[in-house]
Every structure is written in C-alpha cells, then in structure tokens.
Amino acid sequence: ESVWNAVGFVLLHVLSKHRKYDGEIALGYVAWYGLGRCLIEGLRMDSLYSGSFRISQIVSITLAAVGLIWLLIGTFARKNPQRENGQ
C-alpha cells in the first residue's frame, strides 16, 4: 500500500504542473485511492461480504468511478476562461 501511495504522489505531483482547473488533483487522488483500495481489499482475509461481493471493494470501486467520472466531466466540459474574458 505504501508503494501504491508513493507512486500516486509522484504521479499527482507531476500532473499538478499541468492542471486545467481547481480540484483536478483532488479528484485524481480520489480515483487513484479508490482503485488502490479496491486492489488491496482483494488481498484481505477478514472482509465483510454481501453474497459473493466484498463490501469494501464495492465502496472502493464506486469511489474510484465517481472520482474518475467527475474528473472527466471537469476536463471535457470546462470552457477556456481566457476566451470568455476576451484575452
């Protein structure tokens, strides 16, 4: 998990220099953390199940999906503020 978090930190740090809007890095973190948490929860032996699904993995993948979708919406639906101001 520490390696996953360190790779995520480096990746988000590099991407922070090219961000397009406020909150983009936070959403990237949410998506990265959710994906990692889902993978790590698959290794645990003491999980809570609902049928054949682990609850923690369902929550994690939902978090990752929401973060990724919100990130994509923010990226593609964003207008260029410089054009709106006539610059």
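The values are calculated or read from the model by the stated rules, or taken from the named source; none is laboratory data. Owing to the predicted nature of the structure, the values given are computational and were not obtained by experimental measurement. Glycine also receives a Cβ, built like all others from the backbone with ideal geometry; neighbour counts cover every protein chain displayed. Side chains are part of the model used for accessible areas, which takes the heavy atoms of the whole protein and leaves out ligands, DNA and RNA. Shrake-Rupley method; radii C 1.70, N 1.55, O 1.52, S 1.80 Å.
With every protein chain left in place, what is the accessible area per residue of region 1-53 in square angstrom, probe 1.4 Å? Don't skip to the end; give the middle numbers.
On the way: 3910 Å² over 53 residues.
On a per-residue basis, 74 Å².
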Could you check how much of the accessible area of the chain is carbon and sulfur, as a whole percent, using a 1.4 Å probe?
66 percent
Starting from the Cα of VAL59, step 7 Å toward the Cβ, then list every residue of region 12-45 with an amide N under 12 Å from that point.
38
Binning every alpha carbon pair distance of the chain at 5 Å from zero, what are the percents per bin?
3, 14, 19, 19, 15, 11, 8, 6, 3, 2, 1, 0
Tilt of helix 24-41 relative to the longest C-alpha principal axis of the chain, in degrees (0 to 90, nearest 10)?
10 degrees
